[in-house]
1. When the helix-only estimate is applied to the chain (DSSP H runs of n ≥ 4, each -39,500 (n - 2.57), divided by the residue count), what is the mean residue ellipticity at 222 nm, nearest 500 deg cm²/dmol?
2. Once all Cα-Cα distances of the stretch 3-169 are split into 10 Å bins that start at 0, what whole-number percent is in each one?
3. Compute the helix-to-body angle for 118-135: its Cα long axis versus the longest principal axis of the chain, expressed 0 to 90° and rounded to tens.
4. To the nearest 0.05, what FRET efficiency results for Arg152 and Tyr6 with a Förster distance of 25 Å applied to their C-beta separation?
5. Sorted by packing (mean other beta-carbon atoms within 10 Å per residue), highest first, where do 119-127, 92-100, 16-24 land?
6. Taking amide H atoms as placed 1.01 Å from N in the peptide plane, list the residues 5 or more away in sequence, or in a different chain, whose amide H sits under 5 Å from that of Gly150.
7. How do the peptides 133-146, 41-54, 69-82 rank, highest first, by the average count of neighbouring beta carbon atoms within 10 Å per residue?
8. Could you state the angle between the C-alpha long axis of helix 27-69 and the longest principal axis of the C-alpha atoms of the chain, as a value from 0 to 90 degrees rounded to the nearest 10?
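Each value in this text was obtained by applying a stated rule to the coordinates, not by laboratory testing. As the structure is a prediction and not an experimental result, all values here were calculated from the model. So basically every Cβ, Gly included, is an ideal-geometry build from the backbone, and we count neighbours across all protein chains shown.
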Amino acid sequence: MELGRYIALVLVGTGAAIDLRTRRLPNLLTFGGAAAAFAYHGWTSGAGGLGHSLAGWAVGIALFLPMFLLRGMGAGDVKLLGAVGAWLGPIGALWSGLFSVFAGGVLALLVGARHKYLGQAFRNLWGMLGFWRAVGIRPLPGMTVEDSVGPRLAYGAAIAAGTLAAVWLK
């Protein structure tokens with residue numbers, strides 16, 4: 001396995017540990033991880049490597065940005081997937097994002113069950129879909145990261161699991 005894949009795994013492992021403990025992902029980790037990827041790929045592969053890394057970062061950001069704009073996900077999660085994309089490239093970012101969504105769904109079910117919140121979570125989901133159908137897709141007050149009363153997910157753990165799956169299955 002190439003060095004960049006190992007670094008991506010260390011990055012998301014560190015992010016998961018911090019997110020589980022603090023429910024935050026520091027900019028030093030996310031922006032620093034992306035900047036290190038740009039420097040590494042630019043140094044080892046020239047302009048083509050840097051371009052590949054920038055494209056991976058953009059894909060990673062673009063995948064989770066809509067959920068951030070709807071206030072369903074924190075900015076740190078978006079930036080962490082961007083940093084993963086900077087290390088793994090655009091295809092790696094796509095696979096990591098896809099597997100992270102699956103892992104996030106499993107995490108949501110586990111956290112909801114542990115907190116006896118699953119019924120309310122499914123009612124909220126149904127209400128949100130109805131709200132979006134009636135007034136368009138926009139943040140729903142009371143169901144955003146900032147004002148939700150339900151348990152919060154450490155989505156950095158889902159991104160770590162998704163990235164591990166993407167790297168392992170490649």
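1. Numbers: 5 runs with 136 residues, N = 170.
Helix contribution divided over all residues of the chain: -28500 deg cm²/dmol.
2. 11, 38, 32, 15, 4, 0
3. Taking the Cα atoms of the chain, the angle to 118-135 is about 90 degrees.
4. On the way: r = 30 Å, r/R0 = 1.18.
It comes out at approximately 0.25.
5. Working: 119-127: 12.4, 92-100: 23.0, 16-24: 15.7.
Ranked from most to least packed, the peptides come out as 92-100, 16-24, 119-127.
6. none
7. Values: 133-146: 12.2, 41-54: 15.9, 69-82: 21.9.
The peptides rank, most packed first, as 69-82, 41-54, 133-146.
8. Once rounded, the angle reads 0 degrees.
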